[in-house]
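**Student:** Have a look at this one.
The values are calculated or read from the model by the stated rules, or taken from the named source; none is laboratory data. Just so it is clear, the model here is predicted, and its values are computed rather than measured. We place every Cβ from the backbone using ideal geometry, glycine too, and count neighbours over all the protein chains shown. All accessible areas refer to the heavy atoms of the entire protein, side chains included, with ligands and DNA or RNA removed. Shrake-Rupley method; radii C 1.70, N 1.55, O 1.52, S 1.80 Å.
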Amino acid sequence: MDFSANNPAKPTMRPWLHQNWGHLAGIAMLVLASIGLIRIAFLNAFAADEIAFFVWGSSMLQDPEFQGIGSPLFRLNEAGYGSSYWTLYVNLIDWFETDAFWILRTLACIAFVSIPVSIAVVGNMAKPKFGYLLAALWLTMPIAWWCGKITGPETFALAMAVYGVLLLYSDSHLRESLSPRMAQVVAPLGWILIGGAVSLKLTMMPTAIFAFLLHFTFPMKEGKSLKTVSLKMFHVTGLMACGFLLMTPIVIFDSAAFVQRIVTLPSGEAWSWMIAKTSLNNHIWGWDGVFSGGLVQWSLCPLAFLILAGMLLIKQRRVFLILLISFLACWLMIASKGALLGWYWFGWIPMIVLSLLWVLKPDQPNRGLIATVASVILINLLFQTPDIVERYSMKSQQAISLTQRSSVQQALSEITNGKSYDLVLDYWEVSHVGGLEFPKSGASELVQMTPPETNFVSDRRSSKDSAPRRFDPGVVKANAFCRIHDMGTYGTEGKSVLVVVSKRLASKHAFADFDRFLTERVIPNSPDQTTYSRIVDLPETAIYEIHSGASVAGLVNHADSSR
């Protein structure tokens, strides 16, 4: 029986799917992306800075100067980040102890998931289904899948910057879609969020430049007087200053110390052409397994950049010029810092996506714009997907390695029992459960990346009266990595050496093939009769003994693996 004949107003399934397939595909994309982002956020793997920041926050908690729920907000911290970040983290550690880390991971996950969702919502308000296209473009960029220090202030500053610019667009282009009360607050809130983002992380300054130029170039085209524009600029600057001060009120109470901290941030490589050039395109991995990369590795491939730039030059040169100015500001900022940290681009990359909202003409088909964005999505997806997968794989491998700590420790204890070494280099893993333990000897020099006592999973206080935890803020260090590199130049200098190597970490550096590194670089630069043995070979870890003729006594050589 056909009921549709008796109820002609009831839509059938096929026309409904035909009308809404774009929404279904867009929602499915956002759901799948959210699942992937949640997976990354809750991997049992950590960047060195994540562990160091927890340690740092715990140290602040024990510092008398930082006592009180709001005290960190009014204290100058040595990291150069907005004090509101440390206020949140220190109080979370005080209230929830080691669970504070996972609470911050949860908040960071919400921030990352909300970015493509908010882009899609505002874009769809501007033109149906266009928001999904912008969200898809964002998701083809590796910045959307960051596997670095997820709990760092960069995550929250990035989200605040995106929210701020979207609110400004809503105010200038979507006011008729907003309620009268909301229309009054979206623009001020947007400027406050942008100022707060810059306060949390100064590398968000390009976002402020982009938003400021957009806001004051388009209205001037409409013939507003210079006086009106000047007053508006003063008002906007004040709103951003309010956001900045809300996140870092120490600027009011000790401005001299704050400014001094900022001006001392550049390193010895500041204004280096090599740094400036390399920051655009590199595949550098850090000693702790965190990818640095350049602009290309975090955003669009060169071909996608060229296509998008060509479209902007044809359709909206003003937007192209504003993007170019904010890009140059970001590039100069990176050059002035003198550090190859790819996340310094995070203040500019989202503007590539958001700028397309100002190119859109809601009352027109926009076929050229849509075709261009679709082609850029496809090209960038093909170019960037292998790199995104590789970075996720590195993170997941760390989680696997950390589950093998007991196996590595057992093998290490058995093979080194009764032995002593002049030098022990532990380049195992960035570990939240504590590093490896080695036989103690007064003559040995132990260089570890993660000491055994660095354990913020089981380190809980039983009560408020328990002894305070003691932390070294620089607990996770690159020293072992540097000493291994030095051996490639200076050899062993006649010392007996025990080396523990994470295969995951080594795979991204000059000693990826550690046997070859020893054979071709370490042994030739060491005293005669220096040899080495691979005494442990586990799926994720290898352990080596290096010894000269004078240090053979007491060391067991395995003939099947000796070189």
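**Student:** Hey, which of these cross-link pairs are over 25 Å Cα-Cα: LYS129/LYS149; LYS477/LYS508; LYS201/LYS315? Provide the component values of the computation, followed by the final result.
**Tutor:** Working: LYS129/LYS149 33 Å; LYS477/LYS508 17 Å; LYS201/LYS315 33 Å.
Beyond 25 Å between Cα atoms: LYS129/LYS149; LYS201/LYS315.
**Student:** Follow-up question, since we're still on this one. Please find the FRET efficiency linking PHE42 to ALA257, where r is the Cβ-Cβ separation and R0 is fixed at 51 Å, and quote it to the nearest 0.05.
**Tutor:** Details: r = 38 Å, r/R0 = 0.74.
Efficiency, from the Cβ-Cβ distance: 0.85.
**Student:** Take the Cβ-Cβ distance between ASP528 and THR403 as r, set R0 to 51 Å, and report the resulting FRET efficiency rounded to the nearest 0.05. Intermediate values should be presented prior to the final figure.
**Tutor:** Numbers: r = 42 Å, r/R0 = 0.82.
The formula returns an efficiency of 0.75 here.
**Student:** Taking H placed 1.01 Å from N in the peptide plane, check which residues at least 5 places from LEU174 or on another chain put their amide H under 5 Å from its amide H.
**Tutor:** Those qualifying (amide H under 5 Å, at least 5 residues apart or on another chain) number zero.
**Student:** Leaving out ligands and nucleic acids, and using a 1.4 Å probe, what accessible area per residue does segment 20-269 come to in Å²?
**Tutor:** For segment 20-269, the solvent-accessible area averages 41 Å² per residue.
**Student:** Per residue, what accessible area does segment 278-427 have, given a 1.4 Å probe and all protein chains present, in Å²? Walk me through the numbers before you get to the answer.
**Tutor:** Working: 5950 Å² over 150 residues.
Result: 40 Å² per residue.
**Student:** Further question on the same structure: Using r as the Cβ-Cβ distance of GLU176 and THR228, and R0 as 25 Å, what FRET efficiency do you calculate, to the nearest 0.05?
**Tutor:** Working: r = 22 Å, r/R0 = 0.89.
So, using R0 = 25 Å, E works out to roughly 0.65.
**Student:** Under a point-charge model restricted to the Cβ atoms of Lys and Arg (+1) and Asp and Glu (-1), what is the dipole moment magnitude of segment 20-269 relative to its Cα centre, in debye to the nearest 20?
**Tutor:** Values: 14 positive and 14 negative charges, 228 e Å.
Value, rounded to 20: 1100 debye.
**Student:** Any chance you could run the full-extension gain for CYS242 through ASN479? It's 0.36 nm times the residue separation minus the Cα-Cα distance, nm to one decimal. Please list the in-between numbers first.
**Tutor:** On the way: separation 237, 0.36 × 237 = 85.32 nm, distance 4.13 nm.
The CYS242-ASN479 span can extend by a further 81.2 nm.
**Student:** If ligands, DNA and RNA are left out, what is the accessible area of THR489 with a 1.4 Å probe, given in Å² to the nearest 10?
**Tutor:** Here the residue's solvent-accessible area equals roughly 80 Å².
**Student:** When only DSSP loop residues count, what trypsin sites (Lys or Arg not before Pro) in segment 309-386 have their Cβ near at most 14 other Cβ atoms within 10 Å?
**Tutor:** Working: sites: LYS315, ARG317, ARG318, LYS337, ARG367; in loops: none.
Listed in order of number, the matching sites amount to none.
**Student:** Here's something else I'd like to know. Mind grabbing the accessible area of PHE327 for me, 1.4 Å probe, Å², rounded to tens?
**Tutor:** For PHE327, the solvent-accessible surface is approximately 30 Å².
**Student:** Could you rank the peptides 204-210, 180-186 by their average count of other C-beta atoms within 10 Å per residue, with the highest value first? Display every interim value, and only then the final one.
**Tutor:** Working: 204-210: 25.0, 180-186: 12.6.
Ranked by mean Cβ neighbours within 10 Å, highest first: 204-210, 180-186.
**Student:** If I compute solvent accessible area with a 1.4 Å probe over the protein chains, what percent of it on segment 20-269 is carbon and sulfur? Walk me through the numbers on the way to the answer.
**Tutor:** Values: 7010 of 10130 Å².
Carbon and sulfur atoms account for 69 percent of the accessible area of segment 20-269.
**Student:** If the chain between ALA183 and ILE370 were fully stretched, how many nm would it gain, using 0.36 nm times the residue separation less the Cα-Cα distance? Mind dumping the intermediate values first?
**Tutor:** Values: separation 187, 0.36 × 187 = 67.32 nm, distance 2.84 nm.
Contour length minus the Cα-Cα distance gives 64.5 nm.
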